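What follows is a set of notes on a single structure, which appears directly below.
Taken together, the values in this text are just the output of simple stated rules run on the coordinates, not laboratory data. These figures come from a predicted structure and were not determined experimentally. All Cβ positions, glycine included, derive from the backbone under ideal geometry; neighbour counts span all protein chains shown.
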Amino acid sequence: MFEEFIGTKPVEERHRIDVGALEKYLNLKIAVIEQFKGGQSNPTYRFTDASGKKFVLRRKPPGKLLPSAHAVDREYRVIESLFKVSFPVARPHVLCEDESVIGTMFYVMDYVEGRVLWDQSLPGMTQAERGAIWDELNRVISLLHGIDFEKAGLQGFGKPGGYIARQIGRWSKQYRASETERIEAMDNLIAWLPANLPPEAATTVVHGDFRLDNTIFHPSEPRILAVLDWELSTLGDPLADFAYHCMSWHIPPGQFRGIAGLDLRALGIPSEAEYVRKYCGRTKRKSIDAAHWDFYMAYNLFRLAAILQGIMKRVVDGTAASEHAKDAGRRARPLAELGWRMVEKIHGGKIPGRAA
């Protein structure tokens, strides 16, 4: 099911890089360059220098882009800061903002050897192994939300306070800019969410897309060596970030990397309630209000639907970074509808005033 995302492929013609210009800029000889199959947003490459050392290059895609999207410079800044405080990220090397080198802004970091696990049900593992993988995910997102962002040099990386309101505004605009068809549930969410904001929990570094396949695990141990894809990171509400990660328990496996409906006990995967309790223990939080949690779910499903709609727009415009982008884009509607069902749940099954 996930084979199309795993490993590398020859560099696509539309994402081809002037290797000579890159070699000159980096002052090294490139023996091999390949493109990763996965990744919908920023084209990502693995290259090997003459000594056999492997690196990863991540760049903005070519073509017309949505405002504030594909911010590889922000990605590089957060990776650089987190690496200095020993959070598990790849070692960063250089950010090139000069678009004349290969056509778009890019950065280079170490290639981390390990496992990228795509299927959240973790087939082929024992109950204990699955439990350990999920516990490590919980440990690392708890660790991230405990980092003092000022000591890490990330003050100014985002605005303290008002995170969810800004995010709703941002993704509503991004969604409207990439709309290819009307999705009633998205119209409803865009109207309802900003009028029903919960109180902000705190301000921490948030990843914005923390999930199993955005991590690299040790080749044989249940230990995360690097967290990937920091494009959506900022300073924000940690509970909103954690709830995004927990959408897995609400999304069926066929829709978007979910585990809803699986026999979690038989698999050795914790229930959502158990997972939330463990996070609260690690972050020294008493509990999370159930109504607020449902809001966070609705908000994150809306946000994910907006992201997927942006992918669909890039398919239409011919700039999508993955050949499987169309399939991802089609999932915007069912996820938006799932988000609206979370709102209905908050209101006891009675549908609040819909958007016009």
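Model label sites at VAL85 and ARG14, defined 7 Å from Cα along the beta-carbon direction, differ in position by 3.8 nm. Kindly flag which residue pairs out of LYS9/LYS313; LYS173/LYS286; LYS9/LYS29; LYS37/LYS345; LYS159/LYS284 have an alpha-carbon separation exceeding 32 Å in this structure. Going by Cα-Cα distance, LYS173/LYS286; LYS37/LYS345 fall outside the 32 Å limit. Considered as an equivalent ellipsoid built on the Cα gyration tensor, the range 182-296 has semi-axes of 24, 19, 17 Å, the largest given first. Distance distribution P(r), the range 3-110, all Cα-Cα pairs, bin width 5 angstrom from 0: 2, 11, 22, 25, 21, 14, 4, 0 percent. Label-to-label distance, GLU99 versus SER287, with points set 7 angstrom from Cα along the beta-carbon direction: 5.2 nm. Helices in the chain, meaning DSSP H runs of at least 4 residues, each add -39500 (n - 2.57). Divided by all residues, the mean residue ellipticity at 222 nm is -12000 deg cm²/dmol.
Label sites at GLN127 and GLN155, each approximated as a point 7 angstrom past Cα along Cα to Cβ, lie 5.0 nm apart. Ordered by the number of other Cβ atoms lying within 10 Å of each residue's own Cβ, fewest first, TYR25, TYR296 fall into the sequence TYR25, TYR296. Full extension of the chain between GLU274 and ALA195 yields a length gain of 25.4 nm, computed as 0.36 nm times the residue separation minus the alpha carbon distance. With a ≥ b ≥ c taken as the square roots of the eigenvalues of the C-alpha gyration tensor of the range 70-157, please select rounded if a/c is under 1.5 and otherwise prolate if a/b is larger than b/c or oblate if it is not? It is oblate, given that a/c is not under 1.5 and a/b is not larger than b/c.
Charges were assigned to the Cβ only: +1 to each Lys and Arg, -1 to each Asp and Glu. The resulting dipole of the chain about its Cα centre is roughly 440 debye. For the chain, the longest principal axis of the alpha carbon atoms and the long axis of helix 332-346 meet at an angle near 30°. Computed from the Cβ-Cβ distance with R0 of 45 Å, the FRET efficiency linking ALA260 to ASN27 stands at 0.35.
Taking one quarter of the surface of the convex hull spanned by the alpha-carbon atoms of the chain gives a direction-averaged projected area of 17.6 nm². In the elastic network of the chain, a GNM with C-alpha springs shorter than 10 Å, the most mobile of PHE256, PHE295, PHE217 is PHE256. For ALA31, nonlocal amide neighbours, meaning residues 5 or more places apart or on other chains whose placed amide H falls under 5 Å from its own, are THR48, ASP49, ALA50.
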